[in-house]
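The values are calculated or read from the model by the stated rules, or taken from the named source; none is laboratory data. Quick caveat: nothing in here was measured; it's all calculated off a predicted structure. Every residue, glycine as well, gets a Cβ built from its backbone with ideal geometry; the counts of neighbours run over all protein chains shown. We work out accessible area using only protein heavy atoms, side chains counted, and drop any ligands, DNA or RNA first. Shrake-Rupley method; radii C 1.70, N 1.55, O 1.52, S 1.80 Å.
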Amino acid sequence: MSTPAAPKQQEDYKLKDMKPQLGERWPHGGLRGGGGWISSERATSTYDLVEQMFYLYVRVEKAKDLPTNSVTGSCDPYVEVKLGNYKGKTRHFEKRANPEWKQVFAFSKERIQSSLLEVYVRDKEVVTRDDYIGKVVFDMHEVPTRVPPDSPLAPQWYRLEDRQGNSKVRGEIMLAVWMGTQADEAFPESWHSDAASVQGEGVFNIRSKVYVSPKLWYLRVNVIEAQDVEPLDRGQPPQAFVKAHVGKQVLKTKMCPTRTTNPLWNEDLIFVTAEPFEEHLTLTVENKVTSAKDEVMGRIVLPLTIFERRLDHRPVHSRWFNLEKFGFGVLEGDKRHEQKFSSRVHLRVCLEGAYHVLDESTMYISDVRPTVRQLWKNPVGILEVGILSAQGILQMKTKDGRGTTDAYCVAKYGQKWVRTRTIMDSFNPKWNEQYTWEVYDPCTVITLGVFDNCHLGGNEKTATGGGSQKDSRIGKVRIRLSTLEMDRIYTNSYPLLVLHPSGLKKMGELQLAVRFTCLSLANIIYLYGHPLLPKMHYLQPFTVNQLESLRFEAMNIVASRLGRAEPPLRKEVVEYMLDVDSHMWSMRRSKANFYRIVSLFAGAISMSRWLREVCHWKNPVTSVLVHVLFFILICYPELILPTIFLYMFLIGIWNYRFRPRHPPHMDTKLSWAEAAHADELDEEFDTFPTSKLQDVVRMRYDKLRSVAGRIQTVVGDIATQGERFQALLSWRDTRATSLFIIFCLMAAVILYVTPFRIIALVAGLFWLRHPRFRSKLPTVPTNFFRRLPSRADSML
């Protein structure tokens, strides 16, 4: 029974083609034409990567001349917009007869079940039922249609009517009612009928928004030296070092190797900071008294705005800064002396504007521009993404005793983040929102993630039980732009795959429409021959450890700043999108990377097997043809390189027929996700440092030791072979070295007097000789090489 299920499950993990009805299709609307918004449709193409969704928009601007309550003598008005079973309310104002609301309500056409739109004005009462002031009624067939890029529909004043609608009453309300789509500029800030159950602060957490990452800088602090630093114990010179703080980032220089009051370091400390600069650079010069005690000898706090912004590799000017006494008091009698004599530190500090501050892994990088805008090149293309919908999303939490999911999608490319609106209580949400990015390099990746909104103010509980203050991950999709054909629309359904401690799980499918439009083919071709990152990364590169720690700090800054937006893009969302845990140890990832390396050598292994078969004459016809080709190349050696490149050209032309037709997606086999052992997944999801029991940690440590032991053996074998090469001329084995240098002398004489073609011909014929002339024993060079000494016998 399990055998047929496996191919079906494998099929579910693959990319699927879709044929959605993309592009705008507008109805004939307005009072003219007589058809209203239910009539036939005509096609347009201004919003062409999403399926069109119609909405009825009601803009409530203000009211005037509202009557006061006969009992209270005041009016606390609010507006209720009613369409069938859907009701939306504005906020109420206390004691105001001429209120201004400026609020928009949006009702989905798919859920409209009434032909009348009713707008009520009511007086808020604390104890009794709210008083009726008046209403305005609209016939749905008379609602006009607004077609972009038309200007917004001008609101009009309407006289209020009584309950029966027979006569006018005192008061007027300014309204605008029109039929539009999700392309309308009023859409993002509207109150939506499908989110009517959300109240309070949760209303702000369901809206679609566009975010911009903060402008990140590298801060380079070159600590050169200090002068006249004095410890508490003046009888012994200090062993000084410098500690620098920028926000939560703390770095230290090495200790000065000599004990002196004028220490010298000349060491660079690199920090990440963001505009607007909220932190200061705090430097302390400290003395290493004991291994457990440091003594502060001086301190200085500097704002980041005073430092020069560097746009190239030229050094900036250094400056001396006076240090404040810190950690011990200065006597009154010494104050006059302190003004004449002060410790100081010599610094060269600059904000690096020619680097790209990495906040994401270079494997999935989406932006390669330097910090300073003056160094940006012109865009080479436009990326347009239509986030259509999701299908078959699993239950993520329970609400009021039933399973539900409130899904939204986040896309990140370059400095621009987008967040769709949250679709309430749906396992098949439809967003149909289109976004555009400028592309400065095609060898970049756009990342899209789907999340469950857990900040709606209700009594939600996650599917695993218990309340959650974090938005749950549903899945992620990455698309590399260089794999997309230009000016082609890709409409695909991407599987949303997530690894859990229990194993791989498909959470649903994300349906996207993607188009990469080329602005300049010449610039794209030009980019392929240039470095991916700005040139400062190569002129003054950072170490691998520096890049990893700086990336982590940059990610924290981006998460902190985006978390302060409204609605916030929360830290767990930003971390998931930026792959914050990609550097953590995982046995599954290690296996996957090992088999990736094996697959790289598969072609070379296949070629060596084919050559072995040729040498052993498994197929005589092929061996004869190889001999003929070999003779031709020996006679005409100038054909060797053209032949190689022509062969590669023909292979490329042949493989064009089998080129990928779809963008790449998450590959479960490549990721080794399906075959991962439960304990390996449990280890991958463990915290750092570990939170597991001692027995589990010991078991995993022993397993890691066994794996490391095999790696140790392989590394030792590689070192042994290299040391044998060194032993050829190192005279560790005098007899072997003597034989080798005599052979080298004889080979030099023979190669000098014999034409190279003859040498190549003889060597080739010897290598391709028939098996009848071969021996199963190892060759003489192999035997000689294996007898050479290595340094393995000197190891403990």
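Stretching residue 102 away from residue 564 to a fully extended chain increases their span by 163.8 nm, per 0.36 nm per residue minus the current alpha-carbon distance.
Given the Cα-Cα distance of residue 756 and residue 710 and 0.36 nm per residue of separation, how much length would full extension add, in nm?
Numbers: separation 46, 0.36 × 46 = 16.56 nm, distance 4.39 nm.
That pair, residue 756 and residue 710, stretches by 12.2 nm at full extension.
Candidates 567, 628, 639 compared by Cα position along the dipole of the stretch 562-706: farthest toward the positive end lies 628, with charges placed on Cβ.
Between residue 159 and residue 110, what's the calculated FRET efficiency when r is the beta-carbon distance and R0 is 30 Å? Round to 0.05.
Using R0 = 30 Å, I get an efficiency of 0.40.
Toward the positive end of the charge dipole of the chain, with +1 on the Cβ of Lys and Arg and -1 on the Cβ of Asp and Glu, the farthest Cα among 264, 607, 439 is that of 607.
For the pair residue 311 and residue 770, a Förster radius of 45 Å applied to the C-beta separation gives a FRET efficiency near 0.10, rounded to the nearest 0.05.
For the stretch 529-538, backbone phi angles converted through the Karplus equation (6.51, -1.76, 1.60; θ = phi - 60°) give residue-by-residue couplings of x, 10, x, 5, 9, x, 5, 5, 5, 9 Hz, Gly and Pro being listed as x.
Would you mind computing Rg(Cα) / (2.2 N^0.38 Å) for the stretch 632-732, counting N as its residues? Intermediate values should be presented prior to the final figure.
Working: Rg = 25.1 Å, N = 101, 2.2 N^0.38 = 12.7 Å.
Relative to the 2.2 N^0.38 Å estimate, the stretch 632-732 comes out at 1.97.
The residue among 223, 752, 181 whose Cα reaches farthest toward the positive pole of the charge dipole of the chain, with charges on the beta-carbon of Lys, Arg, Asp and Glu, is 752. Add +1 for every Lys or Arg and -1 for every Asp or Glu among the other residues with Cβ under 14 Å from the Cβ of residue 680, and state the total. That sum, taken over residues with Cβ under 14 Å, equals 0. Here the dipole of the stretch 658-796 is about 1200 debye; that uses its Cα centre as origin and unit charges on the Cβ of Lys and Arg (positive) and Asp and Glu (negative).
Computed extension gain for residue 210 through residue 301, at 0.36 nm per residue and net of the alpha carbon distance, reaches 29.2 nm. The trypsin sites (Lys or Arg not before Pro) of the stretch 209-251 meeting both criteria, a DSSP state outside H, G, I, E and B (loop) and at most 13 other C-beta atoms within 10 angstrom of the site's C-beta, are 234, 248.
Each part reduced to its alpha carbon centroid, the stretch 95-111 and the stretch 712-777 end up 88 Å apart. Backbone phi angles across the stretch 74-83, fed through the Karplus curve with coefficients 6.51, -1.76 and 1.60 (θ = phi - 60°), yield HN-Hα couplings of 9, 9, 10, x, 8, 10, 10, 9, 10, 9 Hz in residue order; Gly and Pro are listed as x. For the stretch 199-294, a crude dipole built from +1 on the beta carbon of Lys and Arg and -1 on the beta carbon of Asp and Glu, taken about the Cα centre, is about 320 debye to the nearest 20.
So how strong a dipole does the chain carry about its Cα centre when Lys and Arg Cβ are +1 and Asp and Glu Cβ are -1, to the nearest 20 debye? Let's see the in-between values first.
Values: 106 positive and 88 negative charges, 518 e Å.
Value, rounded to 20: 2500 debye.
Computed with a 1.4 Å probe over protein heavy atoms only, the accessible area of residue 679 comes to about 30 Å². A 1.4 Å probe, protein heavy atoms only, puts the accessible area of residue 571 near 110 Å². In this simple spin-label approximation, residue 438 and residue 613 carry label points 7 Å from Cα along the Cα→Cβ vector, and these lie 5.5 nm apart. Karplus-based coupling profile of the stretch 755-761, in residue order and whole Hz: x, 5, 4, 5, 4, 5, 5, with θ = phi - 60° in 6.51 cos²θ - 1.76 cosθ + 1.60 and x standing for Gly or Pro. Modelled spin labels at residue 732 and residue 601, positioned 7 Å past Cα toward Cβ, are 2.3 nm from each other. Identify the chymotrypsin sites (Phe, Trp or Tyr not before Pro) of the stretch 571-647 meeting these criteria: DSSP loop state and at most 11 other C-beta atoms within 10 Å of the C-beta. Answer in residue order: 585, 601.
From the coordinates of this entry, log10 I(q)/I(0) by the Debye sum over Cα atoms at q = 0.07 Å⁻¹ is computed, and it appears in (i) -0.55; (ii) -0.82; (iii) -0.74 under the label (ii). Largest first and in whole Å, the equivalent-ellipsoid semi-axes of the stretch 172-211 read 20, 16, 10, each the square root of five times a Cα gyration tensor eigenvalue.
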